[in-house]
Amino acid sequence: MEDSKIILIDALVKQFPIGGGEFTALDGIDLTFGKGEFAGVVGPSGSGKTTLLNIIGSLDTPTDGRVSVLDQSIGDLSHKKAARLRNEHLGFIFQTFNLLPVYTVFENVEFPLLLLKMTAASRKNAVQDALEWVGLSNKVKSRPAQLSGGECQRVAIARAMVKRPEIVLADEPTANLDAENSHNILQTMEKLNAELETTFIFATHDEKVIRYLHRKIHLEDGRVVKDELIDKKN
Ligand SMILES: Nc1ncnc2c1ncn2[C@@H]1O[C@H](COP(=O)(O)OP(=O)(O)OP(=O)(O)O)[C@@H](O)[C@H]1O
Ligand SMILES: [Mg+2]
């Protein structure tokens, strides 16, 4: 598993302009991720977790250094190619669910598939599979306002997983959930990681998430201060 590196990060620096100067949010990051990892970027607020995930997700670009995701160089992609990488190969789960309120559960999960060339019938199958993974097959016709917070987050996971992306990026996915829902969602993700070999990368400071991670990358002030593999064998 460790041989097939799907994310390579080399001397990554990210600076943001602030008040005439520059703020260094990521200060020389070197990391690689292999296929099928279940890893988390952890560290205090402001340490750069979201910034790092956004660059891996081609939502933002490096100031310096190189980031390669599935053999594509993030800083060098056109808007079109970056959008294509996201649409075809990446899944995103955000702290706020970002569900479309006027759409049903089915339509919310189907949404990313509309960007791909798929028939309505194969979209329907994929949505049904994804809702089964997260245990929401009985809620296809509900709208987000009719669901609990945990159910909304499960819809967001189904939406991130429906196209079976190689990589899922999850930024504080449990921030709005209670302990039981967090636990259920992490178990769902762990199952998808094992069954589909999807690579998961979390950004979190939630202990309820951290205890599930197979690898913890500790960030402080935009630097990796520790990178630990957790032995999950019983
Ligand atoms: N667009 C921006 N412009 C200026 N500074 C920014 C910008 N985005 C992030 N920063 C700064 O970069 C640093 C890292 O931010 P980031 O959002 O990556 O932190 P984080 O580790 O995700 O924190 P949290 O746990 O609070 O979500 C912070 O000091 C933040 O203020
Ligand atoms: Mg953050």
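Things to note:
- Selection within segment 160-200 - of a type outside the set (A, V, I, L, M) and over 20 Å from E37 (Cα atoms): N176, D178, E180, N181
- Within segment 176-201, the set of residues being among the aliphatic types (A, V, I, L, M) and in contact with a Pro (Cβ under 9 Å, 6 or more places away or on another chain) comprises I185, L186, M189.
- Of the residues making up segment 144-199, those that are buried (at least 18 other Cβ atoms within 10 Å of the Cβ) and among the charged types (D, E, K, R) are E151, R154, R159, K163, E166, D171, E172.
- Odd one out for A160 among (1) in contact with a Lys or Arg (Cβ under 6 Å, 6 or more places away or on another chain); (2) more than 16 Å from ligand 2 (Cβ to nearest atom): (1)
- Scanning segment 182-223 for residues that are within 16 Å of ligand 2 (Cβ to nearest atom) and of a type in the set (F, W, Y) turns up just one, F202.
- Segment 102-124 - residue that is open to solvent by 80 Å² or more (accessible area, probe 1.4 Å) and in a helix (DSSP H, G or I) and, of those, modelled with the lowest pLDDT: L115
- Filter result (farther than 17 Å from T199 by Cα, within 15 Å of ligand 1 (Cβ to nearest atom), assigned to a strand (DSSP E or B) and not β-branched (V, I, T)) within segment 2-48: L12, K14, Q15, F16, P17, G21, E22, F23, A25, L26, D27, G28
The values are calculated or read from the model by the stated rules, or taken from the named source; none is laboratory data. These figures come from a predicted structure and were not determined experimentally. All Cβ positions, glycine included, derive from the backbone under ideal geometry; neighbour counts span all protein chains shown. Note: areas computed on protein heavy atoms with side chains; ligands, DNA, RNA excluded. Shrake-Rupley method; radii C 1.70, N 1.55, O 1.52, S 1.80 Å.
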